[in-house]
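Visitor: Below is the structure I would like to discuss, written out as structure tokens.
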Amino acid sequence: MRFLPALTRAAALGAATILAATALTACGDDTSSDAAANPYGLAQPGVLRAGTLTDAPPNVYLKDGKFTGFDNDLLTAVAGKLGLTVEFVGTDFSALLSQVNNHKFDVGSSSITITEARKKTVDFGNGYDFGYFGLDVPAGSPITGFDQLAGKRVVVVQGTVQDDYATGEQLNPVRVPDYNGAINQLKAGTADAWIAPAEIGEKSAADSNGKITVAAKQLSPAPTAYAVAKGGDKLREALNKGLDEVIADGTWSRLQAQYYPGRPVPADFHPGSGTVTVPAAPSASASASASASASASASASAAS
């Protein structure tokens with residue numbers, strides 16, 4: 001058996017060390033490159049995959065095959081500030097938060113009210129909207145307020161803050177997976193009342209051909225926000241920054257006027273970080289004119 005001289009062995013060991021260091025440096029460069037290309041840890045770089053609902057207008061819904069509504073249009077504007085496109089995917093609200101935390105979705109967009117219980121599953125960005133609880137009842141119902149629900153058959157969407165409210169009030173609510181299920185129960189007369197997000201309840205009543213009316217509403221105790229997976233600080237902070245930018249440039253106010261015309265903003269509600277001046281909402285006539293101009297521009301573009 002031949003032995004390498006000590007000097008030769010030292011040289012070989014030195015060369016091996018240099019090669020190992022070079023390999024580690026190369027790996028580090030790859031990792032740095034990946035992080036630079038996908039700084040927010042998205043499932044697909046450049047694309048924000050958002051879980052949302054299909055049946056909750058004017059907040060989140062499908063129209064002509066496109067996901068829209070205040071929450072989704074606002075998220076699209078926020079993502080644009082970050083150089084991202086949004087891919088919306090429909091789901092049930094009861095599954096949404098766990099799907100976000102399991103990274104099936106990068107973000108949850110569905111007027112999600114911030115609660116301490118939900119903070120155990122996901123992290124929240126800054127609040128972007130406020131909301132009211134609405135009380136929808138079948139036409140002709142004698143119920144006129146939340147204090148008249150004891151002993152009644154009250155329907156809620158499972159996992160919502162309305163579910164939490166009804167449970168806390170010991171109403172023993174009937175839980176359904178989506179808003180259409182609640183609306184159908186009211187129309188069929190199998191429920192006495194539905195506790196809903198007020199804007200969704202009002203839209204549902206308006207679309208019911210007189211079968212459903214809004215009996216009452218009350219302010220929800222906390223703001224709504226976009227949800228991200230636990231520990232997703234870079235994405236959460238980026239969304240907060242983008243939100244402040246669309247508040248400052250008037251997009252937030254415009255979408256408020258578009259989707260909730262005439263709804264007053266509570267004096268103590270400050271969207272985003274609370275440090276950005278909120279431009280006044282455009283008048284109804286200005287919003288209509290802007291919409292008409294946008295439609296005309298779209299038509300002209302399509303024609304060319």
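Visitor: Given contacts defined as C-alpha pairs under 8 Å and at least six residues apart, what's the relative contact order of region 132-219, whole-number percent?
Guide: RCO, region 132-219: 49 percent.
Visitor: Please list, in chain and number order, the residues 5+ apart from Ile112 or on another chain whose amide H is under 5 Å from its amide H, with Hs placed from the backbone.
Guide: When sequence neighbours closer than 5 places are left aside, the close amide H contacts are Ala225.
Visitor: Rounded to the nearest Å, what's the spacing between the alpha carbon centres of region 236-254 and region 187-234? Just the number, please.
Guide: Result: 24 Å between the Cα centres.
Visitor: Please turn the phi angles of region 209-220 into ³J(HN,Hα) values with the Karplus equation 6.51 cos²θ - 1.76 cosθ + 1.60 (θ = phi - 60°), one per residue in order, whole Hz, x for glycine and proline.
Guide: 6, x, 7, 10, 10, 9, 8, 6, 8, 8, 5, 6
Visitor: Rounded to whole Hz and in sequence order, give me ³J(HN,Hα) for region 64-70 from the Karplus expression 6.51 cos²θ - 1.76 cosθ + 1.60, θ = phi - 60°, writing x for Gly and Pro.
Guide: 6, x, 10, 6, 8, x, 4
Visitor: Now, a different point. Using θ = phi - 60° and the Karplus relation 6.51 cos²θ - 1.76 cosθ + 1.60, list the HN-Hα couplings for region 142-156 in order, rounded to whole Hz, with x at every Gly or Pro.
Guide: x, 6, 10, x, 5, 7, 10, 9, 4, x, 9, 8, 10, 9, 9
Read-outs: derived from the displayed coordinates by stated rules, not from any lab. Worth saying up front: this structure is predicted, and the values here are computed from it rather than measured.
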